[in-house]
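Everything on this sheet refers to the single structure shown next.
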Amino acid sequence: MGNKAFDVTALGELLIDFTETEAAHREIQWTGANPGGAPCNVLAMLEKLGKKTAFIGKVGNDMFGTQLKNAVEEVGIDTRNLVIDNEVHTTLAFVHTYPDGDRDFSFYRNPGADMMLTKDEIQEDLIRDSRIFHFGTLLPLTKEYAKQPAMPSMLQRSRMYRQLDPNLRPPLWKSLDDAKAEIEYGLGKCDILKISDNEVEFLFGTTDYDKGAALLKEKYNIPLILITLGKDGSRAYYKDMKVEAAPFLQEKTIETTGAGD
């Protein structure tokens, strides 16, 4: 890959997560506004590991957009391509967490600023100067208001590793058939796939995740497949090898991003 200025550049949603607490009288109370969005959560952890990262996305010109920009810059992520939208507000998400750690989401995003990123606003040189390009599926088909898709054309031609996190959020899609089509498009363009157990079930209708990994490899020829299994840990598949990892458990949480991406 040669010398690159960035280890990972990510394109995607940046939003505010409102998480919840449960009071003694069992009425739900929402906590403060937490920085959220899976792509920047990935970059934030990479920065903690000493990697150089950059983010491409859009927030609104409002108090939440300012909070997000400050939070991203505070952890060291490059924000030269974080665009401010003067017309559309920052996306908000309300997150309910179940006892087993699974989550449910409600979004205020009709539209949200993250949806309004256009291809012309993407600094392609930033992606070309990265070893890995990380992307999800929440922008292209859900952003009906923009004239051009946000997925850059250099997915077809740039020399880099392309990493996909489908990050399926059913409430954001009018049709799950559209969601499946967008995920399948991304699967055909990635070298590294991070996919969750429920997304494997969504695509293939199976809870046999070894079978799901084999189907992904056979259909899309993805070299490295990582499947997260919630409380059951995770698995990695590379060539003919499989590695299993137990979930990380400890009494005190050392890192949280609100929605737990």
Inset, instruction - With a 10 Å radius around each residue's Cβ, average the other Cβ atoms per peptide and rank 128-135, 44-51, 85-92, highest first. - result: 128-135, 85-92, 44-51
Inset, instruction - Report the calculated FRET efficiency for residue 198 and residue 110 (r = Cβ-Cβ distance, R0 = 30 Å), to the nearest 0.05. - result: 0.80
Legend entry - Values of log10 I(q)/I(0), in the order q = 0.16, 0.20, 0.21, 0.25 Å⁻¹, for the stretch 168-216 under a Debye, Cα-only, solvent-free model: -0.45, -0.70, -0.76, -1.04
Legend entry - Cβ-defined net charge surrounding residue 59, 13 Å radius [Lys, Arg +1; Asp, Glu -1]: -4
Legend entry - Full-extension gain in nm, residue 61 to residue 210, via 0.36 nm per residue minus C-alpha separation: 49.1 nm
Inset, instruction - Work out how much length residue 185 to residue 48 would gain on full extension: take 0.36 nm times their residue separation and subtract the Cα-Cα distance, in nm to one decimal. - result: 46.2 nm
Legend entry - Peptides 213-220, 239-246, 52-59 ordered by average Cβ neighbours within 10 Å, highest first: 52-59, 213-220, 239-246
Inset, instruction - Quick one: accessible surface of residue 208, probe radius 1.4 Å, all protein chains present, in square angstrom to the nearest 10. - result: 80
Legend entry - Most to least packed among 169-178, 63-72 [average Cβ atoms within 10 Å]: 63-72, 169-178
Inset, instruction - Starting at the first residue of the stretch 50-56, write each ³J(HN,Hα) from the Karplus equation 6.51 cos²θ - 1.76 cosθ + 1.60 with θ = phi - 60°, in whole Hz, x for Gly and Pro. - result: x, 8, 9, 10, 9, 10, 10
Inset, instruction - Please work out the FRET efficiency for the pair residue 231 and residue 3, using the Cβ-Cβ distance as r and a Förster radius of 30 Å; give the result to the nearest 0.05. - result: 0.15
Inset, instruction - May I ask you to derive the FRET efficiency for residue 218 and residue 73 from their Cβ-Cβ distance with R0 = 45 Å, giving the value to the nearest 0.05? - result: 0.60
Inset, instruction - Subtracting the Cα-Cα distance from 0.36 nm times the residue separation, let me have the gained length for residue 86 to residue 242 in nm, one decimal. - result: 51.4 nm
Inset, instruction - Please list, in chain and number order, the residues 5+ apart from residue 60 or on another chain whose amide H is under 5 Å from its amide H, with Hs placed from the backbone. - result: 65, 85, 90, 91, 113
Legend entry - Cross-link reach list, lysines versus residue 217, counting only Cα pairs under 23 Å and skipping chain neighbours closer than eight places: 180, 189, 194, 239, 242
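The values are calculated or read from the model by the stated rules, or taken from the named source; none is laboratory data. This structure is a prediction, so every number in the text was calculated from the model and none was measured. We place every Cβ from the backbone using ideal geometry, glycine too, and count neighbours over all the protein chains shown. The protein model used for the area step is the full one, side chains on, heavy atoms only, and it has no ligands, DNA or RNA in it. Shrake-Rupley method; radii C 1.70, N 1.55, O 1.52, S 1.80 Å.
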